[in-house]
Amino acid sequence: MAGAAAMLSCPIGLASIILVFNAFNWDFEAAFNPLKAIAYLPDPSSALRWGWFLDIIGYYLLLAPAVIYLHYWLSPRASLHSNLFAFFGLGYVLTGALGAAVLTGATQPLFTAYNTSDPAQQLAVAQIYATLVHAVMDGIWNMFSMLMGAIWWLGTGWLLRSERKWLALFFTFMGIASLLDVVGMALQNEFASTLGLNIYLWFAPIVAFWLGAIVWKRQDISTQQN
């Protein structure tokens, strides 16, 4: 189940970001600027809602079984470290999914309110939407969730060194990219943050698929222990 879920997370995760960017006809400035996004025409809110919904599943929830599986796989080697990194892995999954859930529920009502309001009210709705998006993207996602994810990627990569060398290397690469996003966001360095975020967005689903394939083929833990 853990292997299948991780492999399935790849196409669903990639579909989510494709939906989000395609909603703005691949205009990245509009996609990342909430004041431009809410005024974008034609109304992209339906596609955005589905994009954020798939984000919950693809980037986050489908990884939860793999996080738990990795914990049990690696705990005989380093029990305390495995517990700690699993905590950060599940924290990354849950907080990331929470941020996506907030956008899923709030985006379409706010876009509808904006499109049916007079100019004065539109300004207020746009500010509310911008505040919400910045809270999720700059706070929940790119600071808190991504920091927890970075610790999980790096820590798990460290524990995987003797088990799966190349997988460990790519886990470490993802951890560095996630940490770059966090540090860039903290220092308000847009280049660093954008670089780390884009590496994460496009490569995390691929690494998750690879992890899922390894877990799918791996002999059951309980069988090995017996």
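The values are calculated or read from the model by the stated rules, or taken from the named source; none is laboratory data. Keep in mind that what you see is a predicted model, and the values were worked out from it rather than measured. We place every Cβ from the backbone using ideal geometry, glycine too, and count neighbours over all the protein chains shown.
Quick look at the numbers
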{"read-out": "Flag if L147 is part of a helix (DSSP H, G or I) and either buried (at least 16 other Cβ atoms within 10 Å of the Cβ) or of a type in the set (G, A, S) (or both)", "value": "yes"}
{"read-out": "Residue count, the range 136-171 (criterion: hydrophobic (A, V, I, L, M, F, W, C) and closer than 24 Å to A100 by Cα)", "value": "15"}
{"read-out": "Selection from the range 39-94 of residues that are without any contact (Cβ under 8 Å) to a residue 12 or more places away in the chain and under 23 Å from the mean Cα position of the chain (by Cα)", "value": "F87"}
{"read-out": "Single condition L98 does not satisfy, out of (1) over 15 Å from W152 (Cβ atoms); (2) of a type outside the set (S, T, N, Q); (3) in contact with a helix residue (DSSP H, G or I) (Cβ under 6 Å, 6 or more places away or on another chain)", "value": "(3)"}
{"read-out": "Sole residue being in contact (Cβ under 8 Å) with a residue 40 or more places away in the chain, touching a helix residue (DSSP H, G or I) at 6+ places or on another chain (Cβ under 6 Å), farther than 23 Å from P65 by Cα and among the hydroxyl-bearing types (S, T, Y), chosen from T107, T112, T156", "value": "T107"}
{"read-out": "Of all residues making up the range 24-79, the number that are crowded, with 20+ Cβ neighbours inside 10 Å, in contact with a Leu (Cβ under 7 Å, 6 or more places away or on another chain) and over 28 Å from A124 (Cα atoms)", "value": "5"}
{"read-out": "Only one of A120, A126 that is at pLDDT 95 or above and assigned to a helix (DSSP H, G or I)", "value": "A126"}
